[in-house]
């Protein structure tokens, strides 16, 4: 059966929680729904035999979630990281350690915990150093971007354009503090974003829970986080659109997300999933790195 968004959120909350007793009040707290709405949706799910009388997911419930299963995670990790010099002179930015752990590992651990079966890393600058990750994550498949130094990150997206269905796409220079942002199931295409009153950074303008514009700086918007997800339909369309934009005049200079948020935005309805500043950190400069990890001040 096709689930409504509310049914999906409650069913996935039950699947993630795995408590022997998961009360309606706890479900309401975890989903930010009212207790009354949770009661209504649980009745619907029980009637369809997707949950049982103890609010546990059934085999039918797991089957109903299968079309929403995330199949792969794609990491864009080819760039130089010029603003993190001098540390990136000898180390790719995603492999820089923060509090003793490589940035990309904070993301990879969350992907593994979410039981996402396929992992692709598009590498470029000092690409051979990424081999160290295979010891802990043996199922990684590397894709080499030979154009990383002469084209923008759309060149990396172009190389993985055929893997975008039911896929997360992650920038690899993020430090993830909340692994629950990466989930086993997703309902629809979306970007992660942090609601802000004002930002000078890249941000997203949202109307009726859908992204309508991407820009630098804004008020009452969502600051962009470099993690997005694409369902089967949008992933298939994105494959075509990336190829067209990449080969268009000036296409190699585009950021990859400009394809779906600007150049071909009429082809998509992409939502927003909110997170918090404490959930995830993007370290742009060496000074920021030194502020976060004092060991670099030596």
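Each value in this text was obtained by applying a stated rule to the coordinates, not by laboratory testing. Because the structure is predicted, anything quoted here is derived from the model rather than measured. Cβ: placed from backbone, ideal geometry, glycine included. Neighbour counts: every protein chain shown.
Computed from the C-beta positions of residue 262 and residue 53 and an R0 of 41 Å, the FRET efficiency is 0.25 to the nearest 0.05.
Can you compute the equivalent ellipsoid semi-axes for the chain, i.e. the square root of 5 times each eigenvalue of the Cα gyration tensor, sorted largest first and rounded to whole Å?
Numbers: eigenvalues 227, 97, 77 Å².
For the chain, the ellipsoid semi-axes come out as 34, 22, 20 Å.
Where both residues lie in the range 70-297, what percent of DSSP beta bridges are antiparallel, nearest 5? So the antiparallel bridges amount to about 55 percent of the total.
Taking only Cα atoms and a 10 Å spring cutoff, compute GNM fluctuations for the chain and point out the largest among 150, 282, 186. Of 150, 282, 186, the Gaussian network model singles out 150 as fluctuating most. Between the range 128-180 and the range 23-76, the C-alpha centres lie 31 angstrom from each other.
Across 14, 204, 182, mean-square fluctuation computed from a Gaussian network of the chain (C-alpha pairs under 10 Å connected) peaks at 14.
Comparing mean-square fluctuations of 60, 145, 166 from a GNM of the chain with C-alpha springs under 10 Å, the top value falls on 60.
Helix 232-246 and the longest principal axis of the Cα set of the chain meet at an angle near 20°.
Here the relative contact order of the chain, from alpha carbon pairs under 8 Å that lie six or more residues apart, stands at 18 percent. Relative to the longest principal axis of the Cα atoms of the chain, the long axis of helix 5-17 lies at roughly 80 degrees. With both labels modelled 7 Å from their Cα along Cα-to-Cβ, the residue 279 to residue 4 distance reads 2.4 nm.
Among 96, 298, 85, the ranking by other beta carbons within 10 Å of each residue's beta carbon, starting with the fewest, stands as 298, 85, 96. With contributions of -39500 (n - 2.57) from each DSSP H run of at least four residues, the per-residue ellipticity at 222 nm computed over the chain stands at -8000 deg cm²/dmol.
Considering only beta bridges that DSSP places wholly inside the range 29-152, some 20 percent are antiparallel. Please grab the % of Cα pairs in the range 99-171 that end up more than 19 Å from each other. Looking at the range 99-171, the distances longer than 19 Å represent 37 percent of pairs.
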